[in-house]
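The values are calculated or read from the model by the stated rules, or taken from the named source; none is laboratory data. What you are looking at is a predicted structure, and each value in this text was computed from that prediction instead of being measured. Please note: Cβ atoms are built from the backbone with ideal geometry, for glycine as well, and neighbour counts cover all protein chains shown. Remember, those area values only see protein heavy atoms, side chains included, never the ligands or the DNA or RNA. Shrake-Rupley method; radii C 1.70, N 1.55, O 1.52, S 1.80 Å.
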Amino acid sequence: MISFKNQLQKELADFGLDYSEGTLEKLLEYAGYVLEENKNQNLTRIVEPEAVVTRHLVDSLVLQKWFPSLEAGSLLIDLGTGGGFPGVPLAITWPGVQVVLVDSERKKVDFLQRAARELALANVTAVHARAEELGRDDDYREQADLVVARSVAKLPVLLEYSLPLVKIGGRFCSYKGEGVESEVAESDKALKVLGGRLDSLLAYTLSSGDTHHLVVFLKATQTPHIYPRRPGIPQKRPLS
Ligand code: SAH
């Protein structure tokens, strides 16, 4: 993957993002691990290195165009991280931020733990849990400064997974593709019930030509203790 350093550097620069050589190398090394592990388990359908750079690494990091830094010691949770996106690239580029990667599939979490060890990512923890369980765990509930999620569920469901974990004044950022407006429009009830508010809807275009979105929500008031509901219920009976 290392031969894709120029591509990565250039595509990040197009978003005003600039990282050290060592950081770029670490990002590519991680992408190489994912492609290698993809032979053992299904982590990604994107296997061409150029596309992995754009659609996994750059797409994960675009958030930093709008959030250039988080305070040292902040807690970031990536829900439904799968092969570690966007959480691992964010952890590599924000070494002062504590990053918790969450997935309900044990095998993925085992891979993430191995990769974090091999890359010496001291700020990364991988947790095997469902979002609905984590949101009821005092160690995590209303503790996160920022929660992120990409390709996990529709917004009304995702808000029930994420907002209970965000501290008041913190944010949840959902990475979305096309057609996000209808999902946002369906989120009013969930936001009202869970104590959130739409902060911003940001659009960006990747070098592949795809336009993606970041939907950012603010946690305004405490989430009532009955949320999140039991595992599976948010999906089965969305708050919309
Ligand atoms: N965020 C990654 C992976 C998306 S696939 C990316 O964008 O590439 C969705 C992942 O979410 C899967 O790995 C699945 O196991 C996980 N997932 C789905 N529902 C979940 C839940 N309720 N709690 C935790 N993980 C969940």
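Some observations on this one:
- Tallying residues that are over 21 Å from K65 (Cβ atoms), in a helix (DSSP H, G or I) and out of contact with any Phe, Trp or Tyr (no Cβ under 6 Å at 6 or more places or on another chain) within the stretch 23-40 yields 7.
- In the set L165, L146, L155, only one residue is in contact with a strand residue (DSSP E or B) (Cβ under 8 Å, 6 or more places away or on another chain), of a type outside the set (S, T, Y), over 13 Å from I77 (Cα atoms) and surrounded by 19 or more Cβ atoms within 10 Å (Cβ to Cβ); that residue is L155.
- Conditions (1) of a type outside the set (A, V, I, L, M, F, W, C); (2) farther than 30 Å from G169 by Cα; (3) open to solvent by 10 Å² or more (accessible area, probe 1.4 Å); number of the one not met by T54: (3)
- Residue match in the stretch 108-117 (condition: open to solvent by 10 Å² or more (accessible area, probe 1.4 Å) and within 21 Å of A153 (Cα to Cα)): yes
- Those residues of the stretch 141-165 which are within 14 Å of the ligand (Cβ to nearest atom), within 23 Å of V62 (Cα to Cα) and of a type in the set (D, E, K, R), in sequence order: R150, K154
- Residue list for the stretch 167-205, filter: of a type outside the set (A, V, I, L, M), farther than 17 Å from V148 by Cβ and not in a helix (DSSP H, G or I): E178, G179, E186, G195, R197, T205
- Residues that are away from the ligand (no atom under 11 Å from the Cβ) and either aliphatic (A, V, I, L, M) or at positive phi (or both), drawn from the stretch 53-81: V53, L57, V58, L61, V62, L63, L70, A72, G73, L75, L76
- Just one of the listed residues (L43, L76) is touching a Phe, Trp or Tyr at 6+ places or on another chain (Cβ under 8 Å), aliphatic (A, V, I, L, M) and open to solvent by less than 10 Å² (accessible area, probe 1.4 Å), and it is L76.
- Those residues of the stretch 130-140 which are within 12 Å of the ligand (Cβ to nearest atom) and within 10 Å of V100 (Cβ to Cβ), in sequence order: L134
- Residue in the stretch 173-185 that is touching a residue at least 60 places away in the same chain (Cβ under 8 Å) and not hydrophobic (A, V, I, L, M, F, W, C) present: yes
- Members of the stretch 168-196 that are of a type in the set (K, R) and exposed (fewer than 13 other Cβ atoms within 10 Å of the Cβ): K192
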